[in-house]
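These notes are about the structure you will find just below.
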Amino acid sequence: MKRTKIQRRIVGACALAVCAAALASALYNVTTTAAPEQDAVVEVVEGGQVPAGAVRADAAFVYQDGRLAMAEAPYFVGGRLYVARDAFARAAGREGVAAWRESRPACGINGRIYGSLYDVCETLGLWPVFDTDARAVTLYHAPPETAPAAQGAAQAAYLRLEDIVADYGISGRFDDEGLEKLRAQADYLYRHGQQYYIAWIPVYANPQEGIVNDLTRNYSFYNAQFLYTLDFMAGHGGELVAHGLTHQQGDEISAEGTEFGDETPFSEKEVRRRMGRILEIADTLGYAVRAFEFPHYASTPAQERIAAEYFEVICQQDKNTRTFGGIEQERAGAREVTYLPTPQDYVKFAERKGEMLQAVKAAPRGRLVSLFFHPSLDRDSLAFAVDGDGVRTYAYAEGGFLPQLLTVLRGKNLELAVLA
Ligand SMILES: [Zn+2]
């Protein structure tokens, strides 16, 4: 297998012994090639979009304590893990599936129909747990499907899950455990009938480690799990917001740095290229992205005008308004742009969850309730367990921020929504 440029650079950086063992394991393996192998015959069998290519994936599947016996290898298709779905179902003790979920196009590889792991797991009611170091996926049964609570006559409030980025776990937020907990949080909100925004940074850049992780170019086990997580969230009440392209510039690390605003080194042309690149990446991955959020809300009027050429919704305060803290519509050339601010701001660290809950409680009736939250702040409030039937359940402690937020919102007859 060829190694990507990124992997060579990571290996190189580690060889300098600058990264301790802990960091090396946090970096995970970025192995895999971006070029299709000879034996991958890719043709679309069903669905619309032609997959960009298929690359044989080094991934093992474990079901009920045993390795799933499948002759058909898994593949990366457009960065997602794809499995031969009939063989997969058979190996997991399920045959004769009448209707496969296809949120992503199924495709033919070597004469077999392959589906995305997300679609296959959703169809079969499975909950995967990824082990990036071992490149293994353990399959449990998902908690029983319950119809999400109906959206009532409540008023809308808005929540953004912030800074979601494929960082190989380097930040400590999006390692295997963090990504599984993010899926559980999405599931929790979904089962409570809530909708929410996902502030997604499309490209993770960490110049000090020599990493530029573009999901459309680097096919890897970690990235496949990250895409599984985005697919899961998008399928469970979440709508993607592009949160910059890299959320950094120069030597800064994604999610820490700032990309635009007064201090940006980027020309107007480069700003425009970045906005265009975001939509290209989203399109390649099959995501409809209509909203944009400037990292740290740093923007200039000229940059906002450019953003309005590419996106329908800008997640920040409309600076041209006299009434702060509300949703505003602005004419931008031929189109209307909606500004969606977060008057309650965000939970700055775990100890300040209570302050945010108070702020939401205190919001006057009829005023916008809108905030953002870094999901890892609830990491310690989530715990998984597997029962005797192989069902993986999660418990969300009552002291967790999201359960408390939903309680406060219910008390105010509010529910989380996304703009129509
Ligand atoms: Zn951010």
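Structural remarks
- Qualifying position, being of a type in the set (A, V, I, L, M) and at pLDDT below 95, among Ala334, Ala359, Ala395: Ala334
- Ala332 meets each of the listed conditions (1) within 25 Å of Pro375 (Cα to Cα); (2) more than 16 Å from the ligand (Cβ to nearest atom) apart from (1).
- Selection count where residues are among the small types (Gly, Ala, Ser) and modelled with pLDDT of 95 or more, scope the range 371-391: 4
- Taking the range 259-279 as the range and being closer than 30 Å to Pro105 by Cβ and touching a residue at least 12 places away in the same chain (Cβ under 8 Å) as the test, the residues that pass are Arg274, Met275, Gly276, Arg277, Ile278, Leu279.
- Flag if Glu209 is of a type in the set (Asp, Glu) and within 16 Å of the ligand (Cβ to nearest atom): no
- Taken as a whole, the structure leaves Gly388 outside the set of residues that are on the phi > 0 side of the Ramachandran plot and assigned to a loop (DSSP other than H, G, I, E, B).
- From the list Pro202, Pro128, the lone residue that is touching a residue at least 40 places away in the same chain (Cβ under 8 Å), within 16 Å of the ligand (Cβ to nearest atom) and under 22 Å from Gly286 (Cβ atoms) is Pro202.
- Residues of the range 325-371 classified as assigned to a helix (DSSP H, G or I) and either in contact (Cβ under 8 Å) with a residue 12 or more places away in the chain or among the β-branched types (Val, Ile, Thr) (or both), total: 7
- Any chance Asp163 is charged (D, E, K, R) and within 16 Å of the ligand (Cβ to nearest atom): yes
- Enumerated helices (runs of 4 or more DSSP H) restricted to the range 215-324, each holding at least 3 residues that are surrounded by fewer than 17 Cβ atoms within 10 Å (Cβ to Cβ), of a type in the set (D, E, K, R) and more than 16 Å from the ligand (Cβ to nearest atom): 268-285
- Scanning the range 161-180 for residues that are of a type outside the set (S, T, N, Q) and over 12 Å from the mean Cα position of the chain (by Cα) turns up Tyr168, Gly169, Ile170, Gly172, Arg173, Asp175, Asp176, Glu177.
- Qualifying residue in the range 184-198 (condition: within 16 Å of the ligand (Cβ to nearest atom), among the β-branched types (Val, Ile, Thr), closer than 30 Å to Ala363 by Cβ and out of contact with any helix residue (DSSP H, G or I) (no Cβ under 7 Å at 6 or more places or on another chain)): no
Quick grid of which residues meet (1) touching a strand residue (DSSP E or B) at 6+ places or on another chain (Cβ under 7 Å); (2) in the same structural domain as Gly388 (by TED's automatic domain parsing); (3) touching a residue at least 24 places away in the same chain (Cβ under 8 Å):
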site	(1), (2), (3)
Arg56	yes, no, no
Leu68	yes, no, yes
Phe88	no, no, yes
Ala98	no, no, no
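The values are calculated or read from the model by the stated rules, or taken from the named source; none is laboratory data. These numbers come from a predicted model, not from an experiment. Glycine gets a Cβ as well: all are built from the backbone with ideal geometry, and neighbour counts include every protein chain shown.
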